[in-house]
Structures are given as C-alpha cells and as structure tokens.
Amino acid sequence: MWYRTLFSTLLLFISMHPAVAPQTPAGVRIDSPQPGEPLQGKILITGTTAVEGFAFAELTFTYSGALAPGNFLIAESIPPVESGPLAEWDTSL
C-alpha cells in the first residue's frame, strides 16, 4: 500500500517578556518528531518551552527543500511545557 509522507522542518519560536521579535532561546527544544522523520496522520509533537520569561510560543511547519519560503501555523499560545506534549497535528487535514 502506498502512503504519502511529508518530510518537514518543525520550528518553534518563543516570545519572551518584554515583547521581542520571535526567537528560539536556549533550553527550548522539539523532542519528537525527529528531523527528517516522515510525517503522516496524527503526529504528537513533544518538547520543552518552559524557559524563564516565557510569554508565547508558535509552532510552525515548512516543507524541506521548498522552492518558496513559507511556514504553516500548527499551534500558538502554547502554555509553557517541560518535556511534554506541545501539540497534536493531523497532517491529513
């Protein structure tokens, strides 16, 4: 059976107090899925966003090797998380 798989880059941007441009500070990470891992169906995205000064998080997706730049929003305003689920993403939608 043939399955469509997506190869991707997941990006996590955090805004800290006071309001600054989105950035990814030390200590923020995505644990799963791993870089280059095929994505299909419902994907549980886990990691850590609990850093000092946390105010806001944005989780986005972009296709690897995309000709045109562009990130697709998966989740935002994620409460701080310490080594746990950040979002569930249904890639079939």
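The values are calculated or read from the model by the stated rules, or taken from the named source; none is laboratory data. Note that this is a predicted model, so its numbers are computed, not measured. Heads up, the Cβs are rebuilt from the backbone with ideal geometry, glycines too, and the neighbour counts pull from every protein chain shown. Side chains included, ligands, DNA and RNA excluded: accessible areas come from the protein's heavy atoms. Shrake-Rupley method; radii C 1.70, N 1.55, O 1.52, S 1.80 Å.
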(message) Which of the numbered conditions does Leu11 fail, given that it passes all the others? Conditions: (1) part of a strand (DSSP E or B); (2) at pLDDT 85 or above.
(response) (2)
(message) So the check is Cβ under 8 Å with 6+ separation or different chains; which pairs have a first residue in segment 30-56 that's touching a residue at least 40 places away in the same chain (Cβ under 8 Å) and a second one that's of a type in the set (Lys, Arg)?
(response) Gln40/Arg4
(message) Criterion first (modelled with pLDDT under 90, open to solvent by less than 70 Å² (accessible area, probe 1.4 Å) and at positive phi) does Gly41 satisfy it?
(response) no
(request) Count, please, the residues in segment 51-77 that happen to be over 10 Å from the mean Cα position of the chain (by Cα), within 14 Å of Val28 (Cα to Cα) and surrounded by 15 or more Cβ atoms within 10 Å (Cβ to Cβ). (result) 3
